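Presented below is the structure to which this report refers.
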Amino acid sequence: MKKRMIAFAGLLLVSSVGMKAEEDETAKDKENTFSMSAQICPRAEYRNGALFPRSEGADAAGFINNRARLSMNYERQNLSIGLSAQHVGVWGQDPQIDKNGRFILNEAWAQLDFGYGIFAKLGRQSLIYDDERILGGLDWNVAGRYHDALKLGYENKQNKLHLILAFNQNDEKTIGGTYYNPGAQPYKNMQTLWYQHVCDKAFKASFMFMNLGMEAGDPETQKSDTKYMQLLSTNLYYTPGDWTFGGTFYYEFGKNKANRDISAYLWALNAAYKIDSRWSVGIGSDYLSGASNTDGSGKYKAFDPLYGTHHKFYGAMDYFYASGFINGLNPGLWDNQIKAAFKASPKVNLSLAYHYFSITSDIEWEGKGKLDRGLGSEVDLQVDWQIMKDVKLSAGYSTMFGTSTMEIVKGGSKDSWQNWGWLSININPRIFMARW
């Protein structure tokens, strides 16, 4: 695959160099444009209680992961094509003599523009909408996230309307309709309608409806039994002057894989104020409904944030939704946070966030009765330094102070010091561009 990509890029480069700009009947058309960018992004992590609390006496872990990505884009009148190949992994996991290359296409799409703001985009693509709570690019994860989908859309200065359609299958089948593979896309089919209206520069609102088909059939008999869950949402943003206000609400209903009725919701409110050119502060509250461990029947009330960028919310240590609860629990989450940011120089930014977490449902535990809902506090510090154009160095440190309830729903020990540190460098230049 690598040889084919290099040959393809070389062919385009040679072709573009040999072309001359000529005045003809196509001169009014949009120029042919080809660009290529590369990203090298290693990140070192020290995990002493990240994702899950560590137990007393457990050793810390350390590693360096890396993303190497090559992206190519071509544009002409009414047509755009994007290709992006990447290799991701941990330093040392592959042998020095490796014959099993792991380059994959994380993006491979074409977009057709039909004029009047109407377009169609099909193929492997990121789906990034609103605040990324439900559909996000997950750029923090070394591999990112993509969907194989068809997107139909209409856009003008004030309105955007997108229809997203996806259908997944394990292989070219001859019988049966089941879709089951833990390592494949998590849904069998998906239809999403999204609309955004911008009233002026200070206010915009968006609405989403999603119908998600999850396979619950038997892969052995090839008998399909798809269960459908629906989601409704609205996102509101208001930015008067130095203030920023945001509000969002999501509601899930329909059926889950176990054929239980769903009634779950998420709401979030946040506000931020820019004190001056260097200082800004913010507050926020995120509430995700949960399920009681004593309620094994009736409606399922635990909200699922699906395919969002969870690292962006709920604390940088990724205790919630980026990693699961234990003991079969899904008790929900209430995250109240305070944040501050300081621009130390034109190239250096610092941010500090404090989170207090609670569960949102009642959990009964043998010998303890009903658990206290408090989970504990997390403090996140991050520094970003723009070393030069296209090169940024970032570092962070986080610590969690858990409660006895945290021990039960997440494991580990509240008496053990839980912390996490990381250091990354993101090198992402555009290495070639040609027009003809």
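Computed quantities for the displayed model
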| quantity | calculated |
| --- | --- |
| Gain in span if fully extended, residue 150 to residue 417, counting 0.36 nm per residue against the direct Cα distance | 91.4 nm |
| HN-Hα J in Hz across the stretch 348-363 - Karplus 6.51, -1.76, 1.60, θ = phi - 60°, x for Gly and Pro | 10, 10, 10, 9, 9, 9, 10, 10, 10, 10, 9, 7, 10, 9, 7, 10 |
| Extension gain, residue 93 back to residue 344 (0.36 nm per residue minus Cα-Cα distance, nm) | 86.6 nm |
| Computed over the stretch 278-322, Kirkwood Rh from alpha-carbon pairs, angstrom | 13.2 Å |
| Stokes-Einstein translational diffusion, the stretch 40-133 - Kirkwood Rh over all Cα pairs, 1.002 mPa s, 20 °C, in µm²/s | 125 µm²/s |
| Computed magnitude of the charge dipole of the stretch 331-436 (debye, nearest 20; Cβ of K, R +1, Cβ of D, E -1) | 780 debye |
| Cβ charges +1 (Lys, Arg) and -1 (Asp, Glu), total dipole of the chain, debye | 700 debye |
| Radius of gyration, Dmax [the chain; alpha carbons; angstrom] | 24.0, 84 |
| Accessible surface ranking that places the most exposed of 435, 67 first, with a 1.4 angstrom probe | 435, 67 |
| Viscosity 1.306 mPa s, temperature 10 °C, Stokes-Einstein D of the stretch 347-412 from Kirkwood C-alpha radius, µm²/s | 110 µm²/s |
| Simple label model, 7 Å out from Cα along Cβ direction - residue 77 to residue 40, nm | 4.1 nm |
| Degrees between helix 2-17 axis and first principal axis of the chain (Cα, 0 to 90, nearest 10) | 40 degrees |
| Pair-distance profile P(r), taking every C-alpha pair of the stretch 301-436, with 10 angstrom steps and integer % | 11, 34, 28, 16, 8, 3, 1, 0 |
| Average Cα contact separation per residue, the chain, under 8 Å, 6 or more apart, as relative contact order % | 15 percent |
| Dipole magnitude (debye, nearest 20) for the stretch 82-234, charges at Cβ of Lys, Arg, Asp, Glu | 340 debye |
| Lys/Arg +1, Asp/Glu -1 at C-beta; the chain dipole; positive extreme among 120, 259, 162 | 120 |
| FRET efficiency for residue 269 and residue 128, using Cβ-Cβ distance with R0 set to 22 Å, rounded to 0.05 | 0.50 |
| Residue-averaged [θ]222 nm for the chain, counting only DSSP H segments that reach four residues, each worth -39500 (n - 2.57) | -1500 deg cm²/dmol |
| Viscosity 0.890 mPa s, 25 °C: Kirkwood-radius Stokes-Einstein D of the stretch 162-201 over Cα pairs, µm²/s | 190 µm²/s |
| Percent of Cα-Cα distances greater than 16 Å, calculated over the stretch 85-170 | 65 percent |
| Integer Hz, Karplus 6.51/-1.76/1.60 couplings in order for the stretch 281-288, x for Gly and Pro | 9, x, 9, x, 8, 10, 10, 10 |
| FRET E, pair residue 103, residue 368, Förster distance 51 Å, beta-carbon r, rounded to 0.05 | 0.50 |
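The values are calculated or read from the model by the stated rules, or taken from the named source; none is laboratory data. None of these values were measured; they are calculated from a predicted model. Here the Cβ is made from the backbone with ideal geometry for all residues, glycine too, and neighbour counts use every protein chain on show. To get the accessible areas, we keep the full protein, side chains included, count just its heavy atoms, and leave off ligands, DNA and RNA. Shrake-Rupley method; radii C 1.70, N 1.55, O 1.52, S 1.80 Å.
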